[in-house]
1. Specify the residue that is farthest from Gly40 (Cα to Cα); the eligible residues are those in region 66-84 that are modelled with pLDDT of 95 or more and open to solvent by 50 Å² or more (accessible area, probe 1.4 Å).
2. Evaluate region 178-186: report whether one residue or more is more than 20 Å from Val109 (Cα to Cα) and in a loop (DSSP other than H, G, I, E, B).
3. When Glu119 is evaluated against the numbered criteria (1) assigned to a loop (DSSP other than H, G, I, E, B); (2) buried (at least 18 other Cβ atoms within 10 Å of the Cβ); (3) not hydrophobic (A, V, I, L, M, F, W, C), which criterion, by number, is the only one it fails?
4. State all residues of region 145-176 that are over 24 Å from Arg28 (Cβ atoms), of a type in the set (Val, Ile, Thr) and either in contact with a Cys (Cβ under 9 Å, 6 or more places away or on another chain) or in contact (Cβ under 8 Å) with a residue 60 or more places away in the chain (or both); if no residue qualifies, say none.
5. Looking at region 195-211, I want the residues that are touching a residue at least 12 places away in the same chain (Cβ under 8 Å) and farther than 19 Å from Tyr183 by Cα and have a partner that is assigned to a loop (DSSP other than H, G, I, E, B) and open to solvent by less than 100 Å² (accessible area, probe 1.4 Å) with Cβ atoms under 8 Å, at least 6 apart or on another chain. Which pairs are those?
6. Is there a residue in region 50-59 that is open to solvent by 30 Å² or more (accessible area, probe 1.4 Å), part of a helix (DSSP H, G or I) and either within 24 Å of Gly123 (Cβ to Cβ) or at pLDDT 95 or above (or both)?
7. Determine, yes or no, whether Arg126 is within 22 Å of Gly170 (Cβ to Cβ), part of a strand (DSSP E or B), without any contact (Cβ under 8 Å) to a residue 60 or more places away in the chain and open to solvent by 40 Å² or more (accessible area, probe 1.4 Å).
Amino acid sequence: TRTRSWDLSRLREIVNAGEPVIAPTCRRFLELLAPYGLPGDAIRPVWGMSETCSGVTYSRQDRDDQSAGTVTIDPNSLSGAIRVLRPQDQGAVTLSTVGTPIPGVQLRVVDQAGVLLPEGRLGELRIRGRTMMSGYAANPAANRECRDADGWFRTGDLAFVHDGEVVIAGRQKDQIIVRGINYLAHELEHVVERVDGVRVTFAAAAGIREPGADSDQLVIFFTPARWDADALAATAAAVRA
């Protein structure tokens, strides 16, 4: 029921950045604010970081076009050639695209050896251009390590290119590999936060590798809405499911 008197019809753009841009959350946001006149294409997924002096790539999502600003993939394909799926396919994950770089900025995706990867392959996103910082203050070691031999800045973000647009798939340090399959921490957290009894945004997924093991074990942390034993047991069982 509409209980507010907001008029958002003149709100043209909402920049979504600084955290993983979860496509289903963006769509739900646009749907909830549609009765207040928010334009269906108001959300702009953006990528950037402090070192790039704010956002350097821009995209757009649309309430009436689920394909705009998104790509749906098979998460099991992240370690090879990424397979594009339909949103209704079983096991499919929809990611936000963040567009193309602004003038004066170049991006590339490389493997662990720094070799340029083709479109549709996951690797580390690297950047160079006019918006880049000059360096970290009083930290020569960090300044040596943050760029490769060709001057590209190592972002530490995992990304791939789809139809000419960048897709961010998490941080290198947040990648969880279980029995050879790559999982994105923020996607797992998004699933956990939808469980009844879990406080939204109070969830974390991590990979723990025992000494000598060749695969991670998935560990989930969450804050429950209720702490009594019965409620906690039910919520934990739902998270595991």
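1. Looking at residues that are modelled with pLDDT of 95 or more and open to solvent by 50 Å² or more (accessible area, probe 1.4 Å), I get Ala81.
2. yes
3. Of the numbered conditions (1) assigned to a loop (DSSP other than H, G, I, E, B); (2) buried (at least 18 other Cβ atoms within 10 Å of the Cβ); (3) not hydrophobic (A, V, I, L, M, F, W, C), the odd one out for Glu119 is (2).
4. Result: Thr155, single match.
5. Listed pairs, sorted by first residue: Gly197/Ala225; Val198/Ala225; Arg199/Ala225.
6. The first filter runs over region 50-59 and keeps only residues open to solvent by 30 Å² or more (accessible area, probe 1.4 Å), leaving 50-51, 53-54, 58.
If we keep only those that are part of a helix (DSSP H, G or I) too, we end up with 50-51.
Keeping just the survivors that are either within 24 Å of Gly123 (Cβ to Cβ) or at pLDDT 95 or above (or both) gives 50-51.
Looking for residues that are open to solvent by 30 Å² or more (accessible area, probe 1.4 Å), part of a helix (DSSP H, G or I) and either within 24 Å of Gly123 (Cβ to Cβ) or at pLDDT 95 or above (or both), one finds at least one in region 50-59, hence yes.
7. Answer is no for this residue.
Matching residues to (1) surrounded by fewer than 17 Cβ atoms within 10 Å (Cβ to Cβ); (2) among the β-branched types (Val, Ile, Thr):
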| site | (1), (2) |
| --- | --- |
| Gly164 | yes, no |
| Arg171 | yes, no |
| Asp174 | no, no |
| Ala185 | no, no |
| Val192 | no, yes |
| Phe221 | yes, no |
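The values are calculated or read from the model by the stated rules, or taken from the named source; none is laboratory data. Every value quoted in this text rests on a predicted model; they were computed, and no experiment measured them. Please note: Cβ atoms are built from the backbone with ideal geometry, for glycine as well, and neighbour counts cover all protein chains shown. Areas reflect the complete protein model, heavy atoms only, side chains present, ligands, DNA and RNA absent. Shrake-Rupley method; radii C 1.70, N 1.55, O 1.52, S 1.80 Å.
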